Amino acid sequence: MRATAIAQPNIALIKYWGKRDLKRNLPAVGSISITLRDLYTEMQVELDERLPADKLTVNGAVDQAMLPRLSACLDLVVGSTRPCASIISRCNFPVAAGLASSASAFAAITVAAAHAAGKSLGVAALANLAGRSSGSAARSLYGGFVELENRDSEIAVRSICDSEQWPLTVVIAITETGPKAVGSTEAMEISRRTSPFYASWVERQDDDLESARDAIQRRDFEQLAAVAEHNCLKMHSVMWASRPPVVYWNSVTMRCLQAVRKLQGSGVGVFFTIDAGPQVKAICMPEHEQEVRAALSATEGVKDIMVTGLGNAARLVDVS
Ligand code: 2P0
């Protein structure tokens, strides 16, 4: 009745922003991501009839904030008549700061909970369950370059290319360490309801998905860079035009973006992406890691730098 799983966060190159079915948490658009290697969330789930309520610790401290969503995830995976659970989470990067902590958390707890309950589910079923709890979590059930297809009544997730087949490097500039002001679930709904750009965002997503898929299959870095930056800026434009506006960037975010532009101007193979938070992720060819790291470290206001390669799918590490 106890199982532990590890999942890595993923960074979307073609973004998921907006839901078409709130109840089932189905995305309005497909997305393409890269799973990271060196950032992780480990989740241990123990189902225990003697417990009066679910309990959660994150990095050794009792945490109430995430508990309702994690309990709802356990209800989905194990069933609503399940025993209460003790959840122990360990994470080696800042949570709720735009580093996709919910993706790795829900991917890991879905795998751990299924095993703790003795359910043998395939990866597609696990991805669907994880996606019900957090849309981006479905992608962390796979490694490397991952596409989430938005189908009529469900999602379909698959790996386009393994991490070893195109081993890019991701340099993350941390510009702020606190949690974000507006969670992405709420911000997506604000965008859907109020942004004048939302409809064209949804309508044009398939073009970007096709271009990115093609670039990945042909290992065409320049094409991937162009479409990923375009898609990222389009998503943020949708947010900025919402009422109230949703602005995750700070002045350091903008300075990092300019630093990446400058590197590109000097022939460095790198591009940026920014999610629902102020951090800047610079994706580069491995041979350019040092230059990218140096340029972002030297950018005024950058608090920390994390560097990672691409990683593999969520996995079970222990069951007892
Ligand atoms: C993504 N983001 O594709 C996009 C880009 C943030 C910006 O998926 O409401 O935590 O839990 O399904 O997965 C963040 O949203 O949202 C996200 P829910 P999730 O990575």
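The values are calculated or read from the model by the stated rules, or taken from the named source; none is laboratory data. Note that this is a predicted model, so its numbers are computed, not measured. Here Cβ is always computed from backbone atoms with ideal geometry, including for glycine, and neighbour counts include all displayed protein chains. Just the protein is used for accessible areas: all its heavy atoms, side chains included, with ligands, DNA and RNA removed. Shrake-Rupley method; radii C 1.70, N 1.55, O 1.52, S 1.80 Å.
A few remarks follow.
- Any hit, the range 151-159, residues being at pLDDT 95 or above and under 16 Å from R37 (Cα atoms): yes
- Of all residues in the range 123-140, those that are in contact (Cβ under 8 Å) with a residue 24 or more places away in the chain and assigned by TED's automatic domain parsing to the domain that holds A28 have Cβ atoms under 9 Å from Cβ atoms of residues that are among the acidic types (D, E) and open to solvent by less than 20 Å² (accessible area, probe 1.4 Å), 6 or more apart or on another chain, in R139/E147.
- Any hit, the range 104-126, residues being at pLDDT below 95, under 18 Å from the mean Cα position of the chain (by Cα) and within 14 Å of the ligand (Cβ to nearest atom): no
- The single condition among (1) on the phi > 0 side of the Ramachandran plot; (2) touching a Lys or Arg at 6+ places or on another chain (Cβ under 7 Å); (3) open to solvent by 10 Å² or more (accessible area, probe 1.4 Å) that E42 does not meet is (1).
- Condition met for T177 (closer than 21 Å to R37 by Cα and in a helix (DSSP H, G or I)): no
- Some residue of the range 1-9 being more than 11 Å from the ligand (Cβ to nearest atom), touching a residue at least 60 places away in the same chain (Cβ under 8 Å) and in contact with a Phe, Trp or Tyr (Cβ under 6 Å, 6 or more places away or on another chain): yes
- Only one entry of C73, C84 meets the criterion of being open to solvent by 20 Å² or more (accessible area, probe 1.4 Å) and modelled with pLDDT of 95 or more, and that entry is C84.
- Residues considered: E229, E300. Of these, the only one that is under 20 Å from F197 (Cβ atoms), out of contact with any Asp or Glu (no Cβ under 6 Å at 6 or more places or on another chain), in contact (Cβ under 8 Å) with a residue 40 or more places away in the chain and charged (D, E, K, R) is E229.
- Extreme residue, nearest to the chain's Cα centre (by Cα), among residues of the range 23-32 that are assigned to a loop (DSSP other than H, G, I, E, B) and under 27 Å from A117 (Cα atoms): N25
- Any chance L76 is more than 20 Å from the chain's Cα centre (by Cα) and within 16 Å of the ligand (Cβ to nearest atom): yes
- Residues that are open to solvent by less than 30 Å² (accessible area, probe 1.4 Å) and free of Cβ contacts under 8 Å to residues at least 60 places away in the same chain, drawn from the range 167-217: I190, S195, A215
- Residue check for L22: of a type outside the set (F, W, Y), touching a helix residue (DSSP H, G or I) at 6+ places or on another chain (Cβ under 8 Å), open to solvent by 60 Å² or more (accessible area, probe 1.4 Å) and within 20 Å of V182 (Cα to Cα): yes
- With respect to the conditions (1) modelled with pLDDT of 95 or more; (2) surrounded by fewer than 16 Cβ atoms within 10 Å (Cβ to Cβ), R90 lacks only one, and its number is (2).
- Of all residues in the range 15-71, those being of a type in the set (V, I, T), in contact (Cβ under 8 Å) with a residue 24 or more places away in the chain and away from the ligand (no atom under 15 Å from the Cβ) number 3.
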